[in-house]
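**Q** Below you'll find the structure I mean.
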Amino acid sequence: MTALKAVMLNCTLKYAPEVSNTEALMLKVKAWWDTMDVETEVVRVTDFQVRFGVTSDEGHGDEWPRILEKVKASDIISIGTP
């Protein structure tokens, strides 16, 4: 049986390494998924340069396409907000 893949988008407003309560909650969900062999990656969006806009690539310097590839490759998508 193929393991499920999950990506968790941590949309905290805080930059690493500042403590994020959103991340603390997401890590609890990740720990639960780990017991079910779900391959999980947590992406802290503030660690990337994500430009505002309505397309999947807002041009030079936009790192959203890197995150979008992780989303497309996942079976489960979780979004954590403050």
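The values are calculated or read from the model by the stated rules, or taken from the named source; none is laboratory data. Just so we're clear, the structure is a prediction, and the values are computed from it rather than from any experiment. All Cβ positions, even for glycine, are placed from backbone atoms using ideal geometry, and neighbour counts span all protein chains on display. With ligands, DNA and RNA removed, areas are computed over all heavy atoms of the protein, side chains included. Shrake-Rupley method; radii C 1.70, N 1.55, O 1.52, S 1.80 Å.
**Q** Counting only protein heavy atoms and a 1.4 Å probe, tell me what percentage of segment 1-74's accessible area is made up of carbon and sulfur.
**A** Values: 3060 of 5220 Å².
Ligands and nucleic acids excluded, carbon and sulfur give 59 percent.
**Q** Taking the Cα centre of the chain as origin and charging only Cβ (+1 Lys, Arg; -1 Asp, Glu), how large is the dipole, in debye to the nearest 20?
**A** Roughly 160 debye, rounded to the nearest 20.
**Q** Let me ask something else about it. Taking the solvent-accessible surface of protein heavy atoms with a 1.4 Å probe, what is the per residue accessible area of the chain in Å²? Walk me through the numbers before you get to the answer.
**A** Values: 5810 Å² over 82 residues.
On a per-residue basis, 71 Å².
**Q** Also: Relative to the first principal axis of the alpha-carbon coordinates of the chain, what is the inclination of helix 21-34, with its axis defined by its Cα atoms, in degrees from 0 to 90 and to the nearest 10?
**A** Value to nearest ten degrees: 40.
**Q** Assuming 0.36 nm per residue, please report the length gained on full extension of the stretch residue 28 to residue 76 beyond their Cα-Cα distance.
**A** Values: separation 48, 0.36 × 48 = 17.28 nm, distance 1.58 nm.
Result: 15.7 nm gained on full extension.
**Q** Rank 27, 38, 53 by how far each Cα sits towards the positive end of the charge dipole of the chain (+1 on Lys, Arg Cβ; -1 on Asp, Glu Cβ) and give me just the farthest.
**A** Positive-end residue among those listed: 27.
**Q** Taking only the C-alpha atoms, wrap a convex hull around the chain and report its volume per residue in Å³ as a whole number.
**A** Looking at the chain, the number lands at 90 Å³ per residue.
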